[in-house]
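Colleague: Have a look at this one.
Any read-out appearing in this document is the output of simple, stated calculations on the displayed coordinates, not a laboratory observation. All values derive from a computational prediction rather than experimental measurement. Heads up, the Cβs are rebuilt from the backbone with ideal geometry, glycines too, and the neighbour counts pull from every protein chain shown.
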Amino acid sequence: MERPTRIAGWYACALVSVFFLLLPPRGYGWMMETKYAAFLLLTTLYLAAALADGLARARGGAPRKPLASPRMTAPARCAAAYLACSAVSALLSPYGAQTLLGGPRRDGLVTLSLCVAVFFLLARDLRPDRRLLYLAAGAATLCDALVLAQLTGRNPLRLYPGNWNYYDGDVSYAGFYAGTAGNIDFTAFLLALAVCVLLFALARLRLWTLAPTAALTLYVLYRLGVAAAWVGLACALVWGLPLLFPGNRKRMAALSAVLTLGAVVLLWRYGGENRTLAEAAALLHGEADGGFGSGRVAIWRECWELARERPLFGGGPDTLWLRGVEPLTWFRNGTATPVDITAAHNEYLNILVNQGAFALCAYLALLGSALLRCFRRAREPAFALCGAGLLCYAAMAPFSISTCITAPYVWLLLALAAQREQFVET
C-alpha cells in the first residue's frame, strides 16, 4: 500500500473512531470547543503529513499526484466552486474577519476550507477498507451504550453538571444532550448516518457481524426520538433501492417512485395524533404555523427574508448569528429566557443565507453529482454504501445544523464518491 493511501486511511480511521468518541473532560458545556480543537489538530496533522509526503516524493523523483487535473471528477469541480463562492462571500461580507472562524458553531471559512482540502486529498488517496466499517460499528456501539446509560437517569463520565441528568433537558437547561456529540440532534444525525451505511453493508457485503450494532443503534434512535434521523433513514431505504439491487435499477427506481407517492398520499390524509406527522400533513395542506418543528418554521421564515437581502453571496460564512434573527423563547419555571439563533436549522437554507445562491447551487451540484456517481456505479458495493449515507444526509439536511461535529463525515462520504479510480476492497 502506498504511503499516501496509508496516511489517508489513518485519518479516516481516526475520524470514525477517536474523533467520533471524543468527549469533553469538563462536560457537555464544552463539547463544541473540544470537538473543534480536535478537528483542527487532527486535520492539520493530516494535511501536514500529506504535504511532507508530497515533498518527499518530489525530491525522490516519484511522479507527483495532482489534486486537480483535466480529468477531475464532477464532484471535485463542484467542491472547488463551492469553496470559491464561500471565499467571495467572506470577502464581500460586512462582518470582515468574523467570517473566518464563524459563530458558536465554528463553521466559518477556515472550517469550510479544511473540509474541502480534506475532501480533495481523500478523494485522491483514500481507498475503502472494511476496517472503516468495523471501526464505525465499534464507535457507534460505544455511543449507543453511553446513550442508554444516560436514558436511565445516570450521569456517566459526569457529562452533565452537578446533579443534572438527561431528563433535566428543557427543564434546567434548553434542549437535550446525550451521546458523544452532545445535542441529541447531532448524536442522532451521526448515528443515523452510521446505521444507514451499516444496513447497506449487511445487504451488499453480507457482513452479518454488523447486525447487532445496527439493531442496537436503531433502538437508540427510537429512544432518542429525533424525527429528522428517521426521515433520513426512511428516504435512504426507499430511494436507495437501486443501490441495494443494482441489477434491476429501473424497476427499483420505479418502485421507489411508487413508494414515495404512496407515502405522500398517506401523509396528506393523515389524521392521527403523532405531532411530527400531523405537522408534516399540515404543511402539505399549506398550513405553516411558526411553532412547527420546535419553532423551525418561524426560523426558516426569518432566514428567507434575510436571504432576500443579500441573495447572491449572503452575509458571509456562519454569520447568521450576527444578523438579528429573533431569539426563540425558552420557558423555565414560568420565566421566559431568550435563546439566540445561530443557524437556519436547515443546511441548504443556511448556505443560502450565509454564502448566497451561487454557493448553494455549487453545494447542491456537489451532492447531486456525488449521488449520481454512486447510482451509476452501484454494482460496486463501496459506491452503494456511500450513496446510502449521502441519501440519508440529503434527507436530514433540511432539518439539521451543520457543525464541525457532523460535517467531516459528510465530506468523507463525498470524497469516497468522488474518486476516479475503481474501488479496491481489502
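Colleague: Between THR276 and ARG6, what FRET efficiency follows from the Cβ-Cβ distance if R0 is 45 Å, with the result rounded to 0.05?
Modeller: Efficiency computed from Cβ-Cβ geometry: 0.50.
Colleague: Place a point 7 Å from the Cα of TRP30 along the Cα-to-Cβ direction; which residues of segment 82-118 have their backbone N under 14 Å from it?
Modeller: none
Colleague: Using DSSP loop states and a limit of at most 15 other Cβ atoms within 10 Å to flag trypsin sites (Lys or Arg not before Pro), what is the longest stretch of the chain containing no flagged site? Intermediate results must be reported in sequence, preceding the final value.
Modeller: Details: sites that count: ARG26, ARG64, ARG71, ARG154, ARG206, ARG269, ARG379, ARG420.
My reading of the result: 270-378 is the longest stretch.
Colleague: Express in nm, to one decimal, how much length is gained between ARG249 and ALA174 on full extension, taking 0.36 nm for each residue of separation and deducting their alpha carbon distance.
Modeller: Details: separation 75, 0.36 × 75 = 27.00 nm, distance 4.54 nm.
Computed gain between ARG249 and ALA174 is 22.5 nm.
Colleague: Could I ask something else about it? Set the Förster distance to 56 Å, then compute FRET efficiency between ALA74 and ASN163 from the Cβ-Cβ distance, nearest 0.05. Intermediate values should be presented prior to the final figure.
Modeller: Numbers: r = 54 Å, r/R0 = 0.96.
That pair, ALA74 with ASN163, gives E of 0.55.
Colleague: Just check the chain against the gyration tensor rule for me: Cα atoms, a ≥ b ≥ c as the square roots of the eigenvalues, rounded for a/c under 1.5, and otherwise prolate or oblate depending on whether a/b exceeds b/c.
Modeller: Details: a/c = 1.33, a/b = 1.22, b/c = 1.09.
Rounded shape, in that the Cα axes give a/c under 1.5.
Colleague: Give me the number: length gained by fully extending LEU283 to LEU101, i.e. 0.36 nm times residue separation minus the C-alpha to C-alpha distance, one decimal in nm. Let's see the in-between values first.
Modeller: Values: separation 182, 0.36 × 182 = 65.52 nm, distance 3.55 nm.
The span from LEU283 to LEU101 would gain 62.0 nm if fully extended.
Colleague: At 7 Å along Cα-to-Cβ for each site, give me the label-to-label distance between LEU92 and ARG376 in nm.
Modeller: Output for this residue pair reads 3.1 nm.
Colleague: For ARG130 paired with LEU312, estimate the spin-label separation in nm (one decimal), with each label point 7 Å from Cα along the Cα-to-Cβ line.
Modeller: Inter-label distance under the simple model: 5.3 nm.
Colleague: Not counting the cut sites, what is the longest span of the chain without GluC sites (Glu not before Pro) that DSSP labels loop and that have at most 15 other Cβ atoms within 10 Å? Walk me through the intermediate numbers first.
Modeller: Details: sites that count: GLU2, GLU273, GLU287, GLU421, GLU425.
Result, exposed sites excluded: 3-272.
Colleague: Additional query: ARG206 to ARG269: extension gain in nm, 0.36 nm per residue of separation minus the Cα-Cα distance? Mind dumping the intermediate values first?
Modeller: On the way: separation 63, 0.36 × 63 = 22.68 nm, distance 3.84 nm.
Gain on extension, ARG206 to ARG269, equals 18.8 nm.
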